[in-house]
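> Let me begin by handing over the structure; questions about it come next.
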Amino acid sequence: MRTCVLVSGGVDSSVLAADLLARGVEVHPLYVRCGFHWERAELHWLKRLLARLARPALRPLAVMDAPMAGLLAGHWGFSGKGVPGRRSADERVYLPGRNLILFSQAGVYCGLKKLPALATAVLKANPFPDATPRFRALMGRAVSRAVGREIRILAPYARLTKKQVLSRAPGFPLELTFSCLKPRGLSHCGACNKCAERERALAAA
């Protein structure tokens, strides 16, 4: 099956892409750039990771732009000020409307490329309202209607923890994944919510 995979370069979406490739799926990776200050580092590491995973079934990375700075003026995702720290609750990292933007952009991409499925690496612990099965079902119907063809939104990891996701990819090049809210150049800051989450997952793997 030909599938668009929303990739960020983080552990979850990277393992998802590799997992689907191992299962014989033709993977079309898509990165949606919204203007957040961590995206340059994410794209750097994502491109390196995809180069490592390269095979005929892995199609070239597509990058689409959906600027959100005008919608979230003053948000820490753009200003870099007040970034949720290591001990912050996961709810603090919520980016309002982001999944709506991601699925809309990816749905149009799937329609243009005639891809029947869109996969996202949402995990069991995701606490946000736009990460629920109901939301995905609604978005699937909306994008299908908009592009005139059925697009299924898949979340194969929705019942898994990060530790369980990691167990699906032994030997995976985790050093090429990246997830940080306030990068120092192309490196993890080590002080944000996402860095702490990543460290806990890797330690438990």
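The values are calculated or read from the model by the stated rules, or taken from the named source; none is laboratory data. Being a predicted model, the structure only gives us computed values, none of them experimental. Reconstructed Cβ throughout: ideal geometry from the backbone, glycine too, with neighbour counts over all protein chains shown.
> Checking the condition more than 17 Å from the chain's Cα centre (by Cα) and surrounded by 17 or more Cβ atoms within 10 Å (Cβ to Cβ), which residue from Cys192, Cys180 passes?
Only one candidate passes the filter, namely Cys192.
> Need a quick list: helices (runs of 4 or more DSSP H) entirely within segment 30-129 having at least 3 residues that are charged (D, E, K, R) and either at pLDDT 95 or above or in contact with a Lys or Arg (Cβ under 8 Å, 6 or more places away or on another chain) (or both).
It comes to 39-53.
> Considering (1) surrounded by fewer than 15 Cβ atoms within 10 Å (Cβ to Cβ); (2) closer than 23 Å to Pro183 by Cβ; (3) touching a Gly at 6+ places or on another chain (Cβ under 8 Å); (4) not hydrophobic (A, V, I, L, M, F, W, C), say which one Lys81 fails and leave the rest.
Only one criterion is unmet by Lys81, namely (3).
> Does Ala119 meet the test of being touching a residue at least 40 places away in the same chain (Cβ under 8 Å) and within 16 Å of the chain's Cα centre (by Cα)?
yes
> Would you please name the residue that is nearest to the chain's Cα centre (by Cα), looking only at residues in segment 139-153 that are outside any loop (DSSP other than H, G, I, E, B) and loosely packed, with under 14 Cβ neighbours inside 10 Å?
Among those residues, the one meeting the criterion is Arg141.
> Which condition breaks for Leu46 when tested against (1) within 14 Å of the chain's Cα centre (by Cα); (2) of a type in the set (A, V, I, L, M, F, W, C); (3) over 16 Å from Val15 (Cβ atoms)?
In the conditions (1) within 14 Å of the chain's Cα centre (by Cα); (2) of a type in the set (A, V, I, L, M, F, W, C); (3) over 16 Å from Val15 (Cβ atoms), Leu46 misses (3) alone.
> Among all residue pairs at least 6 apart or on different chains, which show Cβ distances below 6 Å where the first residue, located in segment 86-102, is without any contact (Cβ under 8 Å) to a residue 60 or more places away in the chain and the second is in a loop (DSSP other than H, G, I, E, B)?
Qualifying pairs under 6 Å: Glu91/Pro127; Tyr94/Phe128.
> Which residue, of Arg86, Arg92, is farther than 25 Å from Val5 by Cα and within 18 Å of the chain's Cα centre (by Cα)?
Arg92
> Still on this model: Look through Tyr157, Tyr109 and report the one residue that is within 15 Å of the chain's Cα centre (by Cα) and surrounded by 20 or more Cβ atoms within 10 Å (Cβ to Cβ). Reasoning before the result, please.
Details: Tyr109 fails: within 15 Å of the chain's Cα centre (by Cα).
Exactly one residue qualifies, and that residue is Tyr157.
> Go through segment 11-30 residue by residue and tally those that are surrounded by fewer than 21 Cβ atoms within 10 Å (Cβ to Cβ) and not aliphatic (A, V, I, L, M).
Number satisfying all stated conditions: 4.
> When segment 154-179 is examined, which residues are found to be in a helix (DSSP H, G or I) and of a type in the set (Val, Ile, Thr)?
Step one: of segment 154-179, the residues in a helix (DSSP H, G or I) are 162-166, 174-176.
Matches in segment 154-179: Val165 only.
> Looking at the structure I just gave you, is Lys182 outside any helix (DSSP H, G or I), at pLDDT 90 or above and either of a type in the set (Lys, Arg) or within 22 Å of Leu43 (Cα to Cα) (or both)?
When the stated conditions are applied, Lys182 passes them.
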